[in-house]
Amino acid sequence: MDLCCDPVLNLWGAYWPAWVACLVGGVVLTIVCHYLFMLARLGPHVRPRVIVYQALLLLWTCGLWLLLYRNG
């Protein structure tokens, strides 16, 4: 098990922590979920929206982190 450093990404010469990429991916996937809710006509039934979309953002961000950067 290698615990020497946090995962970093080199994007156009700048080093970014990997959680930033997971957060951006979580935002994009949450927006995709919003459009899917609208296509399925579930948008008006998603209540309270602030909590639902924040929970989706957290779910996608942590899920991406576990999928991409888990050890083992």
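The values are calculated or read from the model by the stated rules, or taken from the named source; none is laboratory data. These numbers come from a predicted model, not from an experiment. Ligands, DNA and RNA are stripped out before the accessible areas are found, and what is left, the full protein with its side chains, is counted by its heavy atoms. Shrake-Rupley method; radii C 1.70, N 1.55, O 1.52, S 1.80 Å.
Limited to region 43-72, what total is found for residues that are open to solvent by 80 Å² or more (accessible area, probe 1.4 Å) and either assigned to a helix (DSSP H, G or I) or among the aliphatic types (A, V, I, L, M) (or both)?
Going through region 43-72 one residue at a time, the tally reaches 13.
Within region 23-39, identify whether any single residue is in a loop (DSSP other than H, G, I, E, B) and open to solvent by less than 70 Å² (accessible area, probe 1.4 Å), and answer yes or no.
No, there is no match, as no residue in region 23-39 is in a loop (DSSP other than H, G, I, E, B) and open to solvent by less than 70 Å² (accessible area, probe 1.4 Å).
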